[in-house]
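Right, one structure below, let's go through it.
Computed from the coordinates by the stated procedures, all read-outs in this text should not be read as laboratory data. Keep in mind it's a predicted model, so treat the numbers as computed, not measured. All Cβ positions, even for glycine, are placed from backbone atoms using ideal geometry, and neighbour counts span all protein chains on display.
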Amino acid sequence: MGKTIAQKIIAAHLISGDMTPGSEVALRIDQTLTQDATGTMAYLEFEAMGIPRVRTELSIAYVDHNTLQCGFENSDDHRYLQTVAARHGVWFSRPGNGICHQVHLERFGKPGKTLIGSDSHTPTGGGLGMLAFGAGGMDVAVAMGGGAYYITMPKLFKVNLTGQLRPYVTAKDVSLELLRILSVKGGVGAIIEWGGPGVDTLSVPERGTITNMGTELGATTSIFPSDEVTRAFLAAQGREEDYIPLASDPDAAYDRVIDIDLSALRPLIACPHSPDNVVPVSTLADVQVDQVCIGSCTNSSLLDMLKVAAMLKGKTIAPTVSLSVSPGSRQVLTMLSDCGALSDILASGARVLECACGPCIGMGFSPNSGGVSLRTFNRNFLGRSGTKDGQVYLVSPETAVASALTGRITDPTTWSHPVAVTMPQRFRVDDSAVLPPASPETAQQIQVLRGPNIKPFPAAHALEDTLSAQVVLKVGDNITTDHIMPAGAKILPYRSNIPYLSRFCFQVCDPDFPERAKAAGNGIVVGGSNYGQGSSREHAALVPMYLGVRMVIAKSFARIHAANLINAGILPVTFADPGDYEKLNQEDVLTVSHIAQGMETGELTVTRKSDGLTFAVKCGFTRRQRAILLAGGLLNYTKEGGQ
């Protein structure tokens, strides 16, 4: 039987394990990336391992999240990242150079390579034929040190594309269609591979949009073939030598095949407050729009921005609408300026923001109270925009522009004159804002500079065999990492200060949670289905660990968050009978005994103190995961010589 693209790359990077779905595999990692909101902690973890220099082919530290320097905190973190990168062999992408995924796609991604990044949208690299995973900072730190990256061997889904997109129907609409089909948890435990004749009609930036949004499906990663379209993109970037052809075998087998006819798609929109709440744009024609934001790692490529400029040329946005445009990289911004497209954007009344994540993570440009905000981003979770009651919709750049001009949600296919934009034959290449590390001979002379807001990695404790703890919080389905550890301009500057950051943990759900958890000493969180969906931020595990959370019992977990909980030494277990969720109450005291033995058998028994109620929870950990939990987390395990 033939192999899929993902199976070929996994086989070429397999260190140990069985490629049967459900088995654990250890992969050699070629490249890593970090961003500043998660990177500071990742490098503190790397330093704690005592390894002098990274052992990957390429590691890059990007600054793209915390770029608003309203106080010393973000500036200090940037200075720390620059110096720690120089000392340990990591390249440093300066603030303003662009969003990590956009820059990596342009300048560093290579077909057939493995990449992990401390950002959940790292699978964007799959648009180039990379096997790219979002991961917690600790996993990235281990990979930088030459360690393997461990995952459960995923199932393989194939999305078979036919036809060709009609004018004003976009790659974003393809992503929203798959979210409509699968939901935000439909891709959990699977790699999504894109194929079929329709693939040939999609450019690399369009493919990157689609693999980026695969994260919202809960997928392990997403990947496209590396073909002549890939070669042309790399050649235009001056990197044709990085090209290799990569395709699935004709007889490759998949666990599920989904057919999408590109020519039958129409513009789609994700309504508040979930990326899978998808309807046709045409059904919301009467909704008034207050704000439009174009950009993010999903839709900030030169191709996207040229389309935006062409639609805005000679027009003015509606007087009731505030429009922001964030180019994804310095390359994109420079080329927009060179060809005059930037002037067309500015003349429309748009506000051009710097090349960074910005509004996507609540870093500025929050909507007005209760405001309707159309965004070309990947997430519309409640409160993520920075406005608690903001009504955020996810759309394509074309739908965003049409709506900004009319002042209401507008289907762009109703326009009579489609714009025609083509990819350039040659991109403007200037890598001067990516600083190389010091040489091995001079690296030890580099002083790593730390500001007062940078606190040490919090200590974790070995897991005891009996846990008796209070349920300090009970929450429902689809709890996101934004619920657990919010982002935004007020909170992000403290990502390197776990004690201070802990004040904000779960405040979206319960403002009293931090104090209650601290007072309890040991705590248990009870959750519903798809607990921990969203970003890869390990702070959503580290902060609860700091507050004393020792176990999370849920109906099911998102992949990255479950891994981060294990890395932090917190037991993630699932109800054997989901109906037991209804029986538990906040403030119940639960006891779990014989934890080490139960982890080996895959089942633990939990007893409620008040009435003796007992129920079973499942814990299908691998041998390595059990050892990590018993050690009190991945850092302790690694220090003790675990592999």
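Which order do Lys518, Lys8 fall in if you start with the one that has the fewest other Cβ atoms within 10 Å?
Details: Lys518 14, Lys8 18.
Least to most surrounded, the residues fall as Lys518, Lys8.
What does DSSP give for the chain in terms of the percent of beta bridges that are antiparallel, rounded to the nearest 5? Please list the in-between numbers first.
Working: 31 of 88 bridges.
Here the antiparallel bridges make up roughly 35 percent for the chain.
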Problem set entry | the range 61-90 versus the range 563-593: alpha-carbon centroid distance in Å | 37
For this session: Give the distance, in whole Å, between the Cα centre of the range 311-326 and the Cα centre of the range 177-233.
Result: 30
Problem set entry | In Å, descending, principal axis extents of the Cα set of the chain | 70, 60, 58
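Quote to one decimal, in nm, the extra length available between Ser439 and Gln586 on full extension: 0.36 nm per residue of separation minus the C-alpha distance between them. Walk me through the numbers before you get to the answer.
Values: separation 147, 0.36 × 147 = 52.92 nm, distance 5.45 nm.
Gain on stretching Ser439 to Gln586: 47.5 nm.
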Problem set entry | Theoretical gain in end-to-end length, Thr414 to Met1 [0.36 nm per residue, Cα-Cα removed] | 144.0 nm
Seminar exercise, completed: For the range 604-643, listing trypsin sites (Lys or Arg not before Pro) in a DSSP loop whose Cβ sees at most 16 other Cβ atoms within 10 Å gives Lys609
Seminar exercise, completed: Note, Arg626: beta-carbon cut-off 13 Å, +1 each Lys/Arg, -1 each Asp/Glu, net -1
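Contact order normalised by length for the range 467-639, with contacts defined as Cα pairs under 8 Å and 6 or more residues apart; what percent is it? Display every interim value, and only then the final one.
On the way: 358 pairs, mean separation 38.8, N = 173.
With pairs under 8 Å counted, the relative contact order is 22 percent.
Using the Cα gyration tensor of the range 5-264, with a ≥ b ≥ c the square roots of its eigenvalues, what is the shape: rounded (a/c below 1.5), prolate (a/b larger than b/c) or oblate (neither)?
Working: a/c = 1.81, a/b = 1.46, b/c = 1.24.
Judged from the Cα gyration tensor, the range 5-264 comes out prolate (a/c at least 1.5, a/b above b/c).
Evaluate E = 1/(1 + (r/R0)^6) for Val429 and Leu346, where r is the Cβ-Cβ distance and R0 equals 22 Å; express this FRET efficiency to the nearest 0.05.
Values: r = 25 Å, r/R0 = 1.13.
The computed FRET efficiency comes out at 0.35.
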Seminar exercise, completed: Given GluC sites (Glu not before Pro), DSSP loops and at most 15 other Cβ atoms within 10 Å, the longest exposed-site-free stretch of the chain is 58-440
For this session: At 7 Å along the Cα-to-beta-carbon direction for both Lys518 and Gln69, put a label point, then send me their distance in nm to one decimal.
Result: 3.1
For this session: Determine the shape class of the range 587-639: with a ≥ b ≥ c the square roots of the Cα gyration tensor eigenvalues, call it rounded for a/c under 1.5, and otherwise prolate if a/b is greater than b/c, oblate otherwise.
Result: prolate
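Taking the Cα centre of the chain as origin, work out the dipole magnitude from +1 charges on Lys and Arg Cβ and -1 charges on Asp and Glu Cβ, in debye rounded to 20.
The calculation lands at about 600 debye.
What number, rounded to the nearest 500 deg cm²/dmol, is the helix-based mean residue ellipticity at 222 nm of the chain, given -39500 (n - 2.57) per DSSP H run of at least four residues and division by all its residues? Provide the component values of the computation, followed by the final result.
Details: 20 runs with 180 residues, N = 643.
The per-residue figure over the chain is -8000 deg cm²/dmol.
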For this session: Please name which of Gln447, Leu303, Gln625 has its Cα lying farthest along the dipole of the chain towards the positive end, using unit charges on Cβ (Lys, Arg +1; Asp, Glu -1) and the Cα centre as origin.
Result: Gln447
Problem set entry | Degrees separating the helix 330-339 axis from the principal Cα axis of the chain, which is the longest one | 10
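Could you put Lys583, Lys455 in order, starting from the residue whose Cβ has the fewest other Cβ atoms within 10 Å? The partial results should precede the final answer.
Details: Lys583 13, Lys455 16.
Placing the least packed residue first, the sequence is Lys583, Lys455.
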Exercise. Could you give the nm distance between label points at Arg256 and Thr601, where each point is 7 Å from its Cα heading toward the beta carbon?
Worked result: 3.3
Seminar exercise, completed: Quick calc, Val421 & Lys315: beta-carbon distance into FRET formula, R0 22 Å, rounding 0.05, result 0.85
Exercise. How would you rank Met153, Met545, going from fewest to most other Cβ atoms within 10 Å of each one's own Cβ?
Worked result: Met153, Met545
For this session: Answer with one residue from Gly17, Val84, Leu217: the one whose Cα lies farthest towards the positive end of the charge dipole of the range 5-264, charges on Cβ with Lys, Arg +1 and Asp, Glu -1.
Result: Val84
